[in-house]
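Novice: The structure that follows is given in the form of structure tokens.
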Amino acid sequence: MDLKTLFEQAVADSKQLAQRPDNETLLQLYALYKQATQGDNNSEPPSNPFDFVAKAKYDAWASMKGKQPEEAMQEYIDLVQRLKKG
């Protein structure tokens, strides 16, 4: 299977995990997904300083800056595989 197909399967698998990952892992999945599907984060940071979730998501995605989408896809696939194993 090609990388895009494997990535799409990993996205589907991530929604069927037996156990919900911790918040740090969820942020990593989010950031890798956004980098893989949209590339570098060029959006403005959240304007509400008390929206901690939005800030954490923004920062997680911004930390991926410069990572190639294919690399992010592979890292996402690898992370989901590790989570499936428990």
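Novice: Can you pull out the residues in segment 6-47 that are loosely packed, with under 13 Cβ neighbours inside 10 Å, farther than 17 Å from Gln68 by Cα and among the polar types (S, T, N, Q)?
Specialist: Gln16, Gln19, Asn23, Ser43, Ser47 - these are the residues of segment 6-47 that are loosely packed, with under 13 Cβ neighbours inside 10 Å, farther than 17 Å from Gln68 by Cα and among the polar types (S, T, N, Q).
Novice: Of all residues in segment 34-53, which are of a type in the set (Asp, Glu) and over 14 Å from the mean Cα position of the chain (by Cα)?
Specialist: Glu44, Asp51
Novice: Here's another thing I want to ask about it. Please return the ranges of helices (runs of 4 or more DSSP H) entirely within the chain where 1 or more residues are among the β-branched types (Val, Ile, Thr), touching a residue at least 12 places away in the same chain (Cβ under 8 Å) and in contact with a strand residue (DSSP E or B) (Cβ under 9 Å, 6 or more places away or on another chain). Give the derivation first.
Specialist: Numbers: elements: 3-14, 23-38, 52-62, 69-85.
Correct list: empty, since no element meets the threshold.
Novice: Moving on to the next point. Scan segment 58-73 and tell me whether some residue there is at pLDDT 95 or above, on the phi > 0 side of the Ramachandran plot and touching a helix residue (DSSP H, G or I) at 6+ places or on another chain (Cβ under 7 Å).
Specialist: Taking segment 58-73 and keeping what is at pLDDT 95 or above, we get 58-73.
So of that shortlist, the ones also on the phi > 0 side of the Ramachandran plot come out as 66.
Of the ones still in play, those that are also touching a helix residue (DSSP H, G or I) at 6+ places or on another chain (Cβ under 7 Å) are none.
Checking segment 58-73: not a single residue is at pLDDT 95 or above, on the phi > 0 side of the Ramachandran plot and touching a helix residue (DSSP H, G or I) at 6+ places or on another chain (Cβ under 7 Å).
The values are calculated or read from the model by the stated rules, or taken from the named source; none is laboratory data. What you are looking at is a predicted structure, and each value in this text was computed from that prediction instead of being measured. So basically every Cβ, Gly included, is an ideal-geometry build from the backbone, and we count neighbours across all protein chains shown.
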